[in-house]
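Okay, structure first, notes after.
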Amino acid sequence: MTLGTEDDREERPALVPSLFPFMPPTLYFSTANEKVELLPVEQRRLLKWKMSTVTPNVVKNIIGRSHFKVTKSNHDWLGCWGHHMKSPGFKAIGEHQKLNHFPGTFQIGRKDRLWRNLSKMQVSFGKREFNFFPRTFVLPHDIKLLRKAWEDGGSRQKWIIKPPASARGIGIQVIHKWSQMPRKRPLLVQKYLHKPYLISGNKFDLRIYVYVTSYDPLRIYIFTDGLVRFASCKYSSSMKTLSNKFMHLTNYSVNKKNSEYQTNSDDKACQGHKWALKALWQYLGSRGINTTLIWEKIKDIVIKTIIASEPYVNSLLKMHVRTSYSCHELFGFDIMLDENLKPWILEVNISPSLHSNTALDVSIKGQMIRDLLNLAGFHIPQKDDVVATCSSTSSSGLLCSGNRERSKPDLSADEKVKRAFYLTQRYVDQDFLSTVLDVLTPEDIRVLAESEDELSRRGEFERIFPSPTSSRYLRFFECPRYLNILLDQWEHKYWNNRMKGISLLKSFCQEGIHLGTSDPAHIVRNWTGRKFKRLHK
């Protein structure tokens, strides 16, 4: 890039101010046609990114534009895009550091755990709510159940077998004879979706990008674009074709090896064997199909699947992670449409491929990761934060003293009383739940302000939980969470007049109430409402 072109790029401030007084700003991540201003030297020295063997180029390019320097140190980095690791390893992450995984997400990232957890939800809440995954068996444990289902199904059925922890189509087969079933290794066996929706005779699936910024409160975003991956041979339901992976599998890593594979570099074109998701919606919409309905069904699948992992992740977060700031995660949901355009979940990837081999990949994944990093809300730490972590002599490290907004909150006795009250009621209705907003404690205000700040940085992501319609999902949580109730009621009250809610929070933050207060208006035990009178009799 020449100096002249460099100067033509729009310069953007390095920091995005909070919507609220006395809340920290976040680092700005730019597009390729923007340049980011330089921070003062002292702050710039803190912009370090821990490089990993799996850090994709799309991440490297974006952090480079925000003047991050690469480091191999285990202590002085702010961000890392790396491998998933065993849960105890999260104890070593400092309060100022952010890793792109949560502990425990293998509960949906491993195929066997995903189906076990969704099956458990189906038993608890019925097939009407959880009927978006094929009938699945985990071998060897379910071998007798599979044998019975096989015998009951007749001779024309097809089954797909997958290793429980593989990726890129490795080890996947479609079979129709019991004699073809491998016996000596763990396997996932699924009823094959033998009537997929076809375009130009080809089977396809959707790669949907889902981003979770927090598990307590749960906040889920979905990227509004994605990828459509086609099989590179026209589909046939004939038993004779079952060994043809180019016909029955949609994985790019499989189909790119076919000499018939056609590339596509245009994110608006409906051509070749990989499309943009928005191009698919346009294609289907031009044929009179209600794509909004399909998208709503996909969002429903995503929310329910993330909730299925929620108890495991939150338990491990409490055990191993110092602050909720330190974790965020991108998931790749693979969805297939059947002949009736009903979406089915195939699997969830906890390290979705971000390799960008074509202009189409660069366009979609580049925008998605740039928006994700802005959503993540990276803070510049106080120097003491970094020094405290660097001087740590144990895996758990020293707690950093700065940026108290990020630390696990030390709830006051008053706040504990309020939370306990809302979590111990057996019969609740909307009128009762709405009272959670009547007295906002300092921690309530901090969480609500953080959520509004985050939402304002969403780019092309859409927040799907909490949302104006998310109340219906609260019953699917194994344990009710106070902060989920708080955010749900906030959405219920302010979704159609967001500025009114933001203005209220601004006034509270201007007074510093989110940092702690003795103001009677924000102390629950001073409230004379009938709900709390019951508690304090």
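Residue check: is Leu188 assigned to a strand (DSSP E or B), over 17 Å from Pro343 (Cβ atoms) and either in contact with a Phe, Trp or Tyr (Cβ under 9 Å, 6 or more places away or on another chain) or free of Cβ contacts under 8 Å to residues at least 12 places away in the same chain (or both)? Explain how you work it out, then say what you get.
On the way: assigned to a strand (DSSP E or B): yes; over 17 Å from Pro343 (Cβ atoms): yes; either in contact with a Phe, Trp or Tyr (Cβ under 9 Å, 6 or more places away or on another chain) or free of Cβ contacts under 8 Å to residues at least 12 places away in the same chain (or both): yes.
Judged against the criteria, Leu188 is a match.
Residues to consider are Lys297, Lys257, Lys268; find the one that is within 20 Å of Gly226 (Cα to Cα), part of a loop (DSSP other than H, G, I, E, B), basic (Lys, Arg) and open to solvent by 40 Å² or more (accessible area, probe 1.4 Å).
Answer to the check: Lys268.
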Among the residues of segment 346-378, what is the count of those that are touching a Pro at 6+ places or on another chain (Cβ under 9 Å) and surrounded by 22 or more Cβ atoms within 10 Å (Cβ to Cβ)? 2
I'd like to know if segment 134-152 contains one or more residues that are touching a residue at least 60 places away in the same chain (Cβ under 8 Å) and either surrounded by 14 or more Cβ atoms within 10 Å (Cβ to Cβ) or assigned to a helix (DSSP H, G or I) (or both). yes
Going through segment 322-341 one residue at a time, which ones are open to solvent by 20 Å² or more (accessible area, probe 1.4 Å) and assigned to a strand (DSSP E or B)? Asp338
What is the one condition in (1) hydroxyl-bearing (Ser, Thr, Tyr); (2) in contact with a strand residue (DSSP E or B) (Cβ under 8 Å, 6 or more places away or on another chain); (3) farther than 27 Å from Val321 by Cα that Thr31 does not satisfy? (2)
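Identify the residue in segment 32-53 that is among the polar types (S, T, N, Q) and open to solvent by 30 Å² or more (accessible area, probe 1.4 Å) and, among all such residues, is modelled with the highest pLDDT.
Taking segment 32-53 first, the residues among the polar types (S, T, N, Q) are 33, 43, 52-53.
Checking the rest, the ones that are also open to solvent by 30 Å² or more (accessible area, probe 1.4 Å) come to 33, 43, 53.
Details: Asn33: 92, Gln43: 95, Thr53: 89.
Filtering segment 32-53 for residues that are among the polar types (S, T, N, Q) and open to solvent by 30 Å² or more (accessible area, probe 1.4 Å), the one modelled with the highest pLDDT comes out as Gln43.
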Quickly run through segment 81-97 and pick out the residues that are under 29 Å from Thr358 (Cα atoms) and either open to solvent by 10 Å² or more (accessible area, probe 1.4 Å) or in contact with an Asp or Glu (Cβ under 6 Å, 6 or more places away or on another chain) (or both). Trp81, His83, His84
Only residues that are under 10 Å from Ala308 (Cα atoms) and of a type in the set (A, V, I, L, M): list them for segment 111-130, please. Leu114, Leu118, Met121
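Is it the case, given these coordinates, that Tyr325 is among the aromatic types (Phe, Trp, Tyr) and touching a Gly at 6+ places or on another chain (Cβ under 6 Å)?
Values: among the aromatic types (Phe, Trp, Tyr): yes; touching a Gly at 6+ places or on another chain (Cβ under 6 Å): no.
Here the answer is no, as Tyr325 does not meet what is asked.
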Any chance Gly4 is in a helix (DSSP H, G or I), at pLDDT 95 or above and surrounded by fewer than 17 Cβ atoms within 10 Å (Cβ to Cβ): no
From the residues in segment 201-242 that are small (Gly, Ala, Ser), touching a strand residue (DSSP E or B) at 6+ places or on another chain (Cβ under 8 Å) and at pLDDT below 95, which one is farthest from Leu448 (Cα to Cα)? Ser232
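Under the condition of being assigned to a loop (DSSP other than H, G, I, E, B) and modelled with pLDDT of 95 or more, which residue from segment 58-76 is farthest from Glu11 (Cα to Cα)? Quick ask: steps written out before the conclusion?
Here is the first cut: in segment 58-76, the residues assigned to a loop (DSSP other than H, G, I, E, B) are 66-68, 72-76.
In the following step, the residues that additionally are modelled with pLDDT of 95 or more were identified as 66-68.
Values: Ser66: 11, His67: 13, Phe68: 17 Å.
The qualifying residue farthest from Glu11 (Cα to Cα) is Phe68.
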Of all the residues that make up segment 472-497, how many are open to solvent by less than 60 Å² (accessible area, probe 1.4 Å) and part of a helix (DSSP H, G or I)? 14
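Can you tell me which residue among Phe22, Phe29 is of a type outside the set (Val, Ile, Thr) and either open to solvent by 60 Å² or more (accessible area, probe 1.4 Å) or in a strand (DSSP E or B) (or both)? Write out each step before concluding.
Numbers: Phe29 fails: either open to solvent by 60 Å² or more (accessible area, probe 1.4 Å) or in a strand (DSSP E or B) (or both).
One residue alone meets the criteria, Phe22.
Those residues that are under 26 Å from the mean Cα position of the chain (by Cα) and part of a loop (DSSP other than H, G, I, E, B), I need them from segment 194-220; list them, please.
So the first thing to find is which residues in segment 194-220 are under 26 Å from the mean Cα position of the chain (by Cα), and the list is 204-220.
Within segment 194-220, Asp216, Pro217 meet the criteria.
The values are calculated or read from the model by the stated rules, or taken from the named source; none is laboratory data. Note that the structure is predicted; figures quoted are calculated from it, not measured. All Cβ positions, even for glycine, are placed from backbone atoms using ideal geometry, and neighbour counts span all protein chains on display. Calculation scope for accessible area: heavy atoms of the full protein, side chains included, ligands and nucleic acids excluded. Shrake-Rupley method; radii C 1.70, N 1.55, O 1.52, S 1.80 Å.
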